[in-house]
1. With a point put 7 Å past each Cα toward its Cβ, work out how far residue 177 is from residue 142 in nm, to one decimal.
2. Can you pull the one-decimal nm distance between simple spin-label points at residue 615 and residue 114, each 7 Å off the Cα toward Cβ?
3. Can you quote the Å³ per residue value for the convex hull of the Cα atoms in region 296-421, rounded to an integer?
4. Under the rule of -39500 (n - 2.57) per DSSP H run of 4 or more residues, summed and divided by the residues of the chain, what mean residue ellipticity at 222 nm is obtained, to the nearest 500 deg cm²/dmol?
5. Report the FRET efficiency, 1/(1 + (r/R0)^6), for residue 626 and residue 646, where r is their Cβ-Cβ distance and R0 is 22 Å, rounded to 0.05.
6. By average Cβ neighbour count within 10 Å, what is the ranking of 592-604, 337-349 from highest down?
7. Evaluate the charge dipole of the chain about its Cα centre and quote only its size in Debye, nearest 20, assuming +1 on the Cβ of each Lys and Arg and -1 on the Cβ of each Asp and Glu.
8. Quick one: give the max-minus-min coordinate of the C-alpha atoms of region 56-166 along each principal axis, largest first, in Å.
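The values are calculated or read from the model by the stated rules, or taken from the named source; none is laboratory data. These numbers come from a predicted model, not from an experiment. All Cβ positions, even for glycine, are placed from backbone atoms using ideal geometry, and neighbour counts span all protein chains on display. The area values use the complete protein model at the heavy-atom level, side chains included, leaving out ligands, DNA and RNA. Shrake-Rupley method; radii C 1.70, N 1.55, O 1.52, S 1.80 Å.
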Amino acid sequence: MTPGRGVRWLAGVALLAATLAGAGPRSHPAAAAADAVGPPKIAWVQGDSVMLGAGPPTEAVLRSHGWDARVNAFGGLQLRVALDIFRQHRAEMGSAVVIELGNNLADSIDVFGQQIDEAMRLLAGTHVIWLTTSVFENRQLAVNQQIWDSARRWADAEVLDWNAIVQAHPTSTYADHLHLTPEGRSRMADAIDATLGAWYERVSRPPVHGIALRPDGRSGWSIDGAGALHPFGGAPDAGTGATWPGHDVARRVALRSDGASGWVLDESGGLHPFGGAPLVSGRGYWPGWDIARDLVVAGNGGSGWVLDGYGALHPFGGAPDVSITGYWPGWDIARAVVARDAASGWVLDGFGGLHPYGGAPDVAVSWYFSGADLARDAVVGLDGRSGYVLDLFGGLHPFGGAPAAARMPTGAWSAIALAPDGRSVVGAAVNGIVASAALAATRGATATASVDAFGGLHPSDGSVGPVGQGGPRGIATRADGAGVVVDGDGRLHSFAGMPAVALPVTWPGWDIARAIALRPDGASGWVLDGYGGLQPFGGAPATTPSAYWSGWDVARALAVTPDGAGGYVLDAFGGLHEFGTAPPVKPTAYWPGWDIARAIALRPDGRSGWVLDGWGGLHPFGGAPSVHPSASWPGHDVAVAAIADTTGLSGTVVDAWGAAHPFGP
């Protein structure tokens, strides 16, 4: 049996135990050379007569910095001939190859580009640094363009712009603008040394294994294998109190609820506090054995669980034992623990299977790679029942009915965290890059349809096609289900039989449209821009709102009265501003300076209703009765839309994940 969907207790599995890192105890990495990071410092430098001059100083400076370097240069050498050299000496070339060729071109420019590609294929797995040529004749401009283009095609290619150096230091070459003066030879040697050194420093950093996102959703820390916490997004520096320079020991990082302190997990299960977190102890500790894989902090901020590679969860800080449903003794295949609340969640295996613990429900996964250890981390959404699995290559795979998601940028990825508003994830790549990816969070909803951030329509599973800057910003529907979506550029996208409509003005490349509403005729209406302007479409009359904020993106929502002759604009702080024939109203809640008001639910009388805040609260205006929402999200800006029903006494709130939550007396 193998890890997967619905797999229960797996006892006695030993398959791959010897090869999947953790079949038994071994020496601690701090004393084991096997855990040192960085490739061997072996470099091969290939060039023509230009490199013949720079060869001796290049070898000398590289060797002075610990490189086992060999310069191989021939006068008149062409890249097509060098390909044979690469074939013959591939095993000797080490971790990096520097190529200074292209001055003796006998083939067409396109063929030269093909030869670059062939060289990259021959040198697969090696970092290749290509030097541009000095422009001693116009043809070299095209040669250099091929070199630059190759770096865009090949992840292991890098360009050292020698031509730019020559332009900045003309005395680097003789009068032929090609061959090197003594000054130029030293300058080329130093440039190669600096480029190789910078590359080696990048790849010799311990890999990043985890990420912790602070409550602001923008800042936090990633953790590398040496135990260093790397701040991003404005987070302060934080020390772990335990580091392992030059070794790959730390495995994950987790924050407490204060967003400033937490623990770093090492490979043996040790927990190292930072930011004022207390020292804690638990039952999951295996000195000298790389078997700890993840940790999760309980709601009290002082306890939690450590996950081992076999799938067991070990409490620390007084956390209770929890029941598990997936366990693989002798097989290091558990990869992450995904908490849905303080005591339950799922364990992720390397193939993408999710295994409940603590009473969490079984969930359906959309992606499973049997036999391929590619799953790296997972997050659960704010609904506590759906989320995403991260694969090594940055794919985000929904589970439990979560909507689609964008993928992370190209690279190798190790960990993700959910933004507090549930609309994106922030991930850490193995090389330390931190980036975010959008989830198909709901952008707008009516009684019959909703639209997500990618233009997907629900529940129809249709789409409005390509959308402009910022994606969809609002949706309006008729009684028959047809409707229109507005994107951030102000373009209108009709669906389900709605006739095509357009605004008299749009804002290409400017994400400034904020909402849309139809009049009772189902053909006309207004689009609200961020400054409070109302743009008519479909024959709606021009109208002037009672408030306008020129240059200030503060308008958030729009509601039209049942007679279609007026309505209300909601500002970010909760203010309600009438237009047309709608009477003035006074809100019962207002948050000066806090962008938290999200929607208007207008009752059938056209002059009363509720303002929805981002946490799910509903605040009456115009004499509407108080109501009780069935869901709220204190501290999380999750609520998207509110719709009053025909009774005027109840309705529905829609959250960022598209779920509908009734409200009423």
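1. 1.7 nm
2. Using points 7 Å along Cα→Cβ, the separation is 6.6 nm.
3. Values: hull volume 13.4 nm³, N = 126.
Spread over its residues, the Cα hull of region 296-421 gives 106 Å³ apiece.
4. Working: 6 runs with 86 residues, N = 665.
Per the formula, -4000 deg cm²/dmol.
5. Details: r = 19 Å, r/R0 = 0.88.
The value I calculate is 0.70.
6. Details: 592-604: 19.2, 337-349: 22.3.
So the order, starting with the most tightly packed, is 337-349, 592-604.
7. On the way: 41 positive and 59 negative charges, 175 e Å.
Value, rounded to 20: 840 debye.
8. 38, 29, 27
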